[in-house]
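Visitor: The structure's right below; bear with me while I get my questions together.
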Amino acid sequence: MTLPTTIRRAASLAALTAVAGAAALSASASAATIGQAEVLAPGARIPINFAAFKEPANKKLPANYRIVRKHIELARGEKASTVMTAPAGFKIVTIGMGNAAQIGGVVDDVHYPGKRSVRVRVFTSNRAVAKGQTGKGTLYILARRA
């Protein structure tokens with residue numbers, strides 16, 4: 001008689017744990033979406049005006065340069081962090097944000113030029129994103145062959 005009671009208690013405890021775990025996971029779900037890094041090669045159109053970089057007249061990326069971009073979506077008031085990394089053999093020249101003005105970003109290490117990667121904290125602009133909405137933007141780095 002104790003065996004069936006023990007089995008029932010164990011089964012009910014397992015079911016309760018599964019339900020509580022699923023509820024915890026769904027409650028902590030975040031709207032932050034940071035896409036995979038995409039690398040633009042020479043000859044690609046330069047998407048934004050980078051600070052400290054004189055663009056060629058034809059707006060094409062010159063040889064020995066790469067642009068890495070990530071598409072970002074955040075709920076209003078949400079903050080996230082991502083690491084932007086240049087391809088192997090390249091060093092960061094500057095960072096840029098897309099023209100949407102819904103997403104902003106800051107770096108803790110302001111001495112990132114010449115390094116291969118940098119951590120960027122991203123956030124939404126409360127002026128551009130209404131309550132309950134999601135802000136969208138693109139984060140870029142310009143890298144030069146080391």
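Every read-out reported here was derived from the displayed coordinates using simple, explicitly stated rules and does not represent laboratory data. Since we're looking at a predicted model, the values are computed, not measured. Positions of Cβ are backbone-derived with ideal geometry, glycine not excepted, and every protein chain shown enters the neighbour counts.
Visitor: Direction-averaged shadow area of the convex hull around the Cα atoms of the stretch 81-128, nm²?
Guide: 3.6 nm²
Visitor: Go through the stretch 104-110 residue by residue and turn each phi into a ³J(HN,Hα) via Karplus (6.51, -1.76, 1.60, θ = phi - 60°); whole Hz please, and just put x for glycine and proline.
Guide: Calculated HN-Hα couplings, in order: x, x, 9, 10, 7, 8, 6 Hz.
Visitor: In vacuum, with every alpha carbon of the stretch 35-111 counted as one equal point scatterer, what does the Debye formula give for log10 I(q)/I(0) at q = 0.14, 0.17, 0.19, 0.20 Å⁻¹? Two decimals, please.
Guide: -0.52, -0.76, -0.95, -1.04
Visitor: What distance in nm separates the two pseudo spin-label positions at residue 64 and residue 91, each 7 Å out from Cα along the beta-carbon direction?
Guide: Rounded to a tenth, the inter-label distance reads 1.2 nm.
Visitor: Using a 10 Å cut-off on Cβ atoms, rank the peptides 99-106, 58-65 from the highest mean neighbour count down.
Guide: Highest mean packing first, the order is 99-106, 58-65.
Visitor: Per-residue counts of other Cβ atoms within 10 Å, averaged by peptide: what ranking do you get for 69-81, 133-145, 108-120, highest first?
Guide: 133-145, 69-81, 108-120
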